[in-house]
Amino acid sequence: MYTAFFGLKENPFNLTPDPRYLYLSPQHRDALNHLIYGIKERKGFIVITGGIGTGKTTVCRSLLATIDSDVDTALIFNPAVSAVELLAMIGQEFRVKVGRGRPTRKRYLDALNRFLLENFAAGRNALLLIDEAQNLSPPVMEQLRMLSNLETESEKLLQIVLMG
């Protein structure tokens with residue numbers, strides 16, 4: 001209806017986050033710059049908060065569209081899962097091979113740590129983005145804290161961004 005009447009090329013009122021239409025208000029620009037800086041400097045945890053509909057997911061998608069090619073990313077957009085399921089999702093997003101046998105927390109962690117060490121040795125960065133982070137349960141938050149312990153003597157191996 002709107003497209004024909006106003007001569008628009010596409011529907012202006014989509015509910016999906018489209019980074020092409022991100023309006024970089026001063027707050028959105030600060031959030032995006034904060035994310036880029038934290039990732040480049042390997043700061044570990046980064047948290048972006050805001051109310052419903054304020055553009056967090058759109059900023060996240062904009063970040064993914066502009067991030068350097070030497071950063072491997074894992075995007076979790078439905079974090080209402082168990083700690084083991086979260087590890088499985090992270091491994092799947094990073095395309096980590098767990099190997100044969102029954103998948104356990106230890107096997108997921110060993111495979112992820114191996115991937116992160118190889119990634120770091122190759123001069124690459126690994127970024128885990130969790131949208132809707134307010135839905136994380138306490139055990140899953142603890143698992144994320146433990147993931148932040150994956151590090152070398154001087155650098156974090158995994159950058160974790162929580163948006164919610």
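For the chain, what does the relative contact order come out to in percent, with C-alpha contacts under 8 Å and a separation of six or more?
Details: 214 pairs, mean separation 47.8, N = 164.
About 29 percent, as a whole number.
Using amide H atoms built 1.01 Å from N in the peptide plane, name the residues 5+ places from ALA126, or on other chains, whose amide H lies under 5 Å from its own.
Answer set, sorted by chain and number: ASP72, GLN159.
Looking at (1) 9, 36, 32, 15, 6, 2, 0; (2) 10, 38, 38, 13, 0; (3) 9, 35, 38, 16, 2, 0, which value of P(r) over Cα pairs in 10 Å bins from 0, in percent comes from a calculation on the structure shown?
So the calculated entry is the one marked (1).
Between helix 26-40 and the chain, what is the angle of the helix's C-alpha long axis to the longest principal axis, kept within 0 to 90° and rounded to the nearest 10?
With rounding to tens, the tilt is 20 degrees.
First compute the accessible area of the chain with a 1.4 Å probe, then give the percent of it belonging to carbon and sulfur atoms.
Looking at the chain in its full context, I get 55 percent from C and S.
Please calculate how many Å² of accessible area segment 94-151 carries per residue, with a 1.4 Å probe and no DNA, RNA or ligand atoms counted.
On the way: 3440 Å² over 58 residues.
Accessible area per residue, segment 94-151: 59 Å².
Measure nothing fancy, just the Cα-based angle from helix 83-93's long axis to the longest principal axis of the chain, in degrees from 0 to 90, nearest 10.
Rounded to the nearest ten degrees, it is 70.
Check VAL81: other-chain or 5+ apart residues with amide H under 5 Å from its amide H, H built from backbone geometry?
SER137
Could you tell me how many degrees, from 0 to 90 and to the nearest 10, lie between the Cα long axis of helix 138-147 and the main elongation axis, the longest principal axis, of the Cα atoms of the chain?
Taking the Cα atoms of the chain, the angle to 138-147 is about 70 degrees.
What residue among GLY91, GLY50, GLY101 has the largest mean-square fluctuation in a Gaussian network model of the chain, using Cα springs under 10 Å?
Of GLY91, GLY50, GLY101, the Gaussian network model singles out GLY101 as fluctuating most.
Read phi for every residue in segment 97-111 and hand back ³J(HN,Hα) as whole Hz from Karplus 6.51 cos²θ - 1.76 cosθ + 1.60, θ = phi - 60°, with x for Gly and Pro.
So the Karplus estimates, Gly and Pro as x, are 8, 8, x, 7, x, 5, x, 10, 4, 4, 5, 4, 5, 4, 5 Hz.
Excluding same-chain pairs closer than 8 in sequence, count the lysine pairs in the chain whose Cα atoms lie under 30 Å apart.
Lysine pairs meeting both conditions in the chain amount to 13.
Restricting things to Cα coordinates, could you compute the convex hull volume per residue of segment 89-164 in Å³? Mind dumping the intermediate values first?
Values: hull volume 7.5 nm³, N = 76.
Spread over its residues, the Cα hull of segment 89-164 gives 99 Å³ apiece.
Report the one residue of ASN149, ALA65, PRO103 whose Cα lies farthest in the direction of the positive end of the charge dipole of the chain (charges on C-beta: Lys and Arg +1, Asp and Glu -1; origin at the Cα centre).
Sorting the options by dipole projection puts first PRO103.
The values are calculated or read from the model by the stated rules, or taken from the named source; none is laboratory data. Model, not experiment: these values are computed from the prediction. Counting neighbours? That spans all protein chains shown, and the Cβs are built from the backbone with ideal geometry, glycine included. Heavy atoms of the whole protein, side chains included, go into the accessibility calculation; ligands, DNA and RNA do not. Shrake-Rupley method; radii C 1.70, N 1.55, O 1.52, S 1.80 Å.
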